Amino acid sequence: LIVIPHTKTRSRTLAFSKRTIRAAQGTALVLGLILLGVTADYVRLRLFHQDFTALRAENAKQREEISAYQSSVGDLERQLKVLADLAGKLNVMAGIKSPDAVPGFGFIGGPSDDHNQLSSAAPPPITSGQMQNVQQKAADIERNFGTLVNFFENKTAELAATPSIWPVRGWPSSGFQWRNDPFTGNRKFHFGLDIVASPGSPVVAPADGTIIAAASDNSLGNHVRILHGNGVTTIYGHLRIILVRVGQRVKRRDPIGEVGSTGMSIGPHLHYEVRKNDRAVNPYGYIIED
Ligand SMILES: [Zn+2]
């Protein structure tokens, strides 16, 4: 081994034995291998750290997504609960279910456990069973609403054909009761409702129906009879004029005549009679407006 210094001094020659050189070579080799190993470890560590950082970011993102998902499933459950409550009330109104078969019926203002659910900051973890439950509930509610729609569609036609309003605005005099006949003075049952109104006041159909009589006789004078369906008919007596003809279809509130005093009448009034299966019933049961 010759060491050449940078100064002007002459080079010095150092002599080593072959054994020393071999030992030095061996040591250098071992040191080199150790260095290589450490470097490799370091590189591996760096790469691992990079992966770890990426994974941690991914994990945080996924946690956020899961949290958003959980809270949206929670919202969905609350909305389904509101819909189920609404369907329950409609079922009771429609007479499809009894009130005790509908949980929570009568608690106006929504489900009672709403506040607890809203106050909890972190929603509980969603299980697949819970998800299945939500889907099952949604399917049940959908089916139930289908039944309700059918029911109300049928009911709408029936309700439109059920007398429900005053046929004329005026002052009820004789009701559906025993009274002294104004002509004979004898006790006689009055099968209708007399409504006093000024002559010419419009008389309207209290429900949809078909005119089955538009005629005149000695007792009812000019009178009209409407068939509403479900065995219900209505009669309007003592009209001044008749505005409809037999076979004509009328809608609720369509004018059918004017108040008069024709037939056995002592003053302008409407004799209003409601018959169910041709038996006179109290017309007050068919007036639901004030
Ligand atoms: Zn009468």
> Straight-line reach from Lys251: which lysines have Cα under 29 Å away, leaving out those fewer than 8 places along the same chain?
Replying inline: Lys155, Lys276
> With charges only on Cβ, +1 for K and R and -1 for D and E, what is the dipole size of the chain about its Cα centre, in debye, rounded to 20?
Replying inline: 2160 debye
> With all pairs of different alpha carbon atoms counted, what Kirkwood hydrodynamic radius in Å does the chain show?
Replying inline: 28.2 Å
>> What do you get for the angle between helix 128-160 and the principal long axis of the chain? Use alpha-carbon atoms, 0 to 90 degrees, nearest ten.
In response: 20 degrees
>> Testing the spin-label approximation: label points 7 Å from Cα along Cα→Cβ at Val43 and Ile212. State their distance in nm.
In response: 10.3 nm
> By the scheme Lys and Arg +1, Asp and Glu -1, what is the net charge of all other residues having a beta-carbon under 12 Å from that of Gln70?
Replying inline: -3
>> Compute a Gaussian network model of the chain, connecting alpha carbons closer than 10 Å, and tell me which residue from Arg143, Arg44, Arg252 fluctuates the most.
In response: Arg44
> Extension gain Ser164-Ala139, at 0.36 nm per residue separation less the Cα-Cα distance, in nm?
Replying inline: 5.3 nm
>> Just to check I understand the Karplus step: with θ = phi - 60° and J = 6.51 cos²θ - 1.76 cosθ + 1.60, what whole-Hz values come out for the stretch 172-187, glycine and proline as x?
In response: x, 10, 7, x, 7, 6, 5, 7, 7, 4, x, 9, 9, x, 7, 5
> Using helices alone, what [θ] at 222 nm do you get for the chain, with -39,500 (n - 2.57) per DSSP H run of 4 or more residues, divided over all residues and rounded to the nearest 500?
Replying inline: -14500 deg cm²/dmol
> Under 5 Å between amide H atoms, partner at least 5 residues away or on a different chain: which partners does Gly257 have, H built in plane at 1.01 Å?
Replying inline: Val203, Leu243
>> I need the phi-derived Karplus couplings for the stretch 261-270: 6.51 cos²θ - 1.76 cosθ + 1.60, θ = phi - 60°, integer Hz, Gly and Pro marked x.
In response: 9, 6, x, 7, 9, 9, x, x, 6, 9
> With springs only between Cα atoms under 10 Å, which of Ala197, Ala54, Ala139 fluctuates most in a Gaussian network model of the chain?
Replying inline: Ala54
> Applying the Karplus parametrisation 6.51 cos²θ - 1.76 cosθ + 1.60 with θ = phi - 60° to the phi angles of the stretch 229-246, what ³J(HN,Hα) value in whole Hz is obtained for each residue in order, glycine and proline being reported as x?
Replying inline: x, 6, x, 9, 10, 10, 10, 10, x, 6, 5, 6, 9, 9, 9, 10, 10, 4
> With the chain treated as a Gaussian network of Cα nodes joined by springs under 10 Å, which of Ala57, Ala138, Ala15 yields the largest mean-square fluctuation?
Replying inline: Ala15
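None of the figures in this text is laboratory data; all of them are computed from the coordinates on show. Quantities reported herein were computed from a predicted structural model and do not represent experimental measurements. Reconstructed Cβ throughout: ideal geometry from the backbone, glycine too, with neighbour counts over all protein chains shown.
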